[in-house]
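**Student:** This is the structure, below, for whatever I ask next.
The values are calculated or read from the model by the stated rules, or taken from the named source; none is laboratory data. Here the structure is a predicted model, which is why all the values come from computation and not from measurement. Quick reminder, even Gly has a Cβ in these numbers, built from the backbone with ideal geometry, and neighbours come from all protein chains shown.
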Amino acid sequence: MKAFRMMSVRSYGWLLVVALLAVSASGQPPAPAPAPAAAQPAAQPVAQPALPEPERPYIAEIVGTGVYVRSGPGTAYYFTTKLSSPAKVTVVDHKFTWAQILPPEGSFSWVSKSYVKLDPANPGIGIINGQAVRIWAGSEAVEPMRSTSLQAKLNDGDTVKILGPAEAKGDYYKIVPPASARLWIGREFIKFVSPAPKAAVTLPPRPGSEKPATATTPAPVVPKPAAPGTTPATTPATPGTTPTTPTTPTTPATPPTPEAEKPAPVVEKKEEPSPEKIREKELIAQCRKLAEQVIAELNKPLSEQKYAEYRKSLDAISNDPQAGNAKLFADYYIERIDAYETARDAGKAIQQQDSSLDNVRKGIRKNLADKLAAIPNPGKYILSGIIKESLVYTPRTGQKRYLIVNETGKILGYAIPASKTAEALVAPLLGKTVGLIGKPGPDSKNPMALIEFTGIDELTAKPVEKPAPAKPAEAKPAPAPEQPKPTEAKPAEKPAA
């Protein structure tokens, strides 16, 4: 390090000697040595101002290959065509990260054939027959009846140009997009090229609106003559005066133009928006506010949703002759309201049906409970009587049942075992007086009671509600159960129809 410092001192000494010799040879002091580079401050990066968005409309070039052109500002909308660099499009508006463009070459739209009358004098030309006929954005990837992006509404007498054979695509005509049709493309896939002539995107005048003012060429600026007595910028020297320094003769210069003869600078006036444009922006702002209110209404319960007020406001915007693009916005949300109201009405109808069905179910349950409550409580046994095999309900008919009759042979009800264990208890008790343990159930095949028994007990005597008197008569044998056997074939036991 010390050796380096010594070498630096020696180097500066030699430089000093050389500088003194130069001064002595020229007689003028040498120019000051430039400051070391390290002493100069480092250059600071200058923040570039953000470039303003280009004034619309403008011409833009596609950046990329196979870029989708969509029917609306979002990837949820279906694509209508594809473009690749260096194709160019005309951009008329921006919406967030999307650019609204005029339909490029190859675009088309759909219109229902039922609203178009072909012009025999002009092949390929159709005449609209109806009011507010809807025109849909077309795509080869989407069927006409599934195209949901509304582009315009035409009225009676408007004309459309039909593409391809008139009989193609069933119930829809493939037509050239109308003048008010718009499509969308992502702004990251385009770059500004140049301003576009506004005449290329001017919509045709709507009924009842004034015609747009015709652009006039500004009158040329005529330079004013010089005022008398004006002194030119250079005045010759006064005779008799002696110049202080000798002048070298030069070529005479062109006399300067008087100040009064210079043309006045042209100040570009910023074009103010027309009243129609101002009105259109106001209506678009109203549409956005109404859209927020409609969405808020949609989040309410079905019984509380009300759209009449919003629809009335949107109808007024749609019918305004100066609505412009706000008409498309209003028509879209009118269609949404129609769908919401249909869903709401359907939901209310379903709720009413559910309520009616619930009332019917409650009535059925109450009726069953009343009938069950009307059945006297038999105590331990739900039904008692003489048990026999049914001659109608047999295994051959699909279900085996047992008859419960009284001493006179009158059928008291039917019984079925709840399990194989309960069924095994019946065989030794046939023809005897028994008591059934179980629960009653409805019988769809017969109006008689149907008992599903889980247990069966043999009764030695007929059960009575009051205690029998203590007489020897209690020991009398019960009548033979087989005696009323022929009564089973009586017409009272009939199969269900």
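**Student:** Are there any pairs, at least 6 apart or on different chains, whose C-beta atoms fall under 9 Å, with the first in region 149-160 and among the acidic types (Asp, Glu) and the second assigned to a strand (DSSP E or B), and if so, which?
**Tutor:** Pairs found: Asp156/Ile127; Asp156/Ile128; Asp156/Val133; Asp158/Ile127; Asp158/Ile128; Asp158/Val133.
**Student:** Being in contact with a Leu (Cβ under 6 Å, 6 or more places away or on another chain) and of a type in the set (Val, Ile, Thr) is the filter here, so list the residues in region 282-340 that pass it.
**Tutor:** Within region 282-340, Ile317, Ile334 meet the criteria.
**Student:** Next up: Give the number of residues within region 338-362 that are modelled with pLDDT of 90 or more and in contact with a helix residue (DSSP H, G or I) (Cβ under 8 Å, 6 or more places away or on another chain).
**Tutor:** 0
**Student:** Looking only at region 241-252, decide whether some residue is of a type outside the set (Val, Ile, Thr), modelled with pLDDT under 90, in a loop (DSSP other than H, G, I, E, B) and surrounded by 13 or more Cβ atoms within 10 Å (Cβ to Cβ).
**Tutor:** No, region 241-252 has no match at all.
**Student:** Can I ask one more? Of the residues that sit in region 133-159 and are part of a loop (DSSP other than H, G, I, E, B) and over 23 Å from the mean Cα position of the chain (by Cα), which one is modelled with the lowest pLDDT?
**Tutor:** Gly157
**Student:** Among the numbered criteria (1) touching a residue at least 12 places away in the same chain (Cβ under 8 Å); (2) touching a strand residue (DSSP E or B) at 6+ places or on another chain (Cβ under 9 Å), which single criterion is violated by Phe96?
**Tutor:** (2)
This table checks each residue for (1) modelled with pLDDT under 85; (2) under 28 Å from the mean Cα position of the chain (by Cα); (3) basic (Lys, Arg); (4) not assigned by TED's automatic domain parsing to the domain that holds Glu335.
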{"site": "Val267", "(1), (2), (3), (4)": "yes, no, no, yes"}
{"site": "Lys270", "(1), (2), (3), (4)": "yes, no, yes, yes"}
{"site": "Arg279", "(1), (2), (3), (4)": "no, yes, yes, no"}
{"site": "Arg288", "(1), (2), (3), (4)": "no, yes, yes, no"}
{"site": "Glu297", "(1), (2), (3), (4)": "no, yes, no, no"}
{"site": "Lys300", "(1), (2), (3), (4)": "no, yes, yes, no"}
{"site": "Ser313", "(1), (2), (3), (4)": "no, yes, no, no"}
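**Student:** Turning to a different aspect of this structure: For region 419-449: of the residues being in contact with a Pro (Cβ under 8 Å, 6 or more places away or on another chain), part of a loop (DSSP other than H, G, I, E, B) and charged (D, E, K, R), which is farthest from Ile387 (Cα to Cα)?
**Tutor:** Lys445
**Student:** Name the residue, out of Ser71, Ser84, Ser109, that is surrounded by fewer than 18 Cβ atoms within 10 Å (Cβ to Cβ) and modelled with pLDDT of 90 or more.
**Tutor:** Just one listed residue meets the conditions, Ser84.
**Student:** Condition check: outside the structural domain of Pro440 (by TED's automatic domain parsing), at pLDDT 85 or above, under 30 Å from Ile135 (Cβ atoms) and of a type outside the set (Gly, Ala, Ser). Does Arg365 satisfy that?
**Tutor:** Taking the combined requirement at face value, the residue does not satisfy it.
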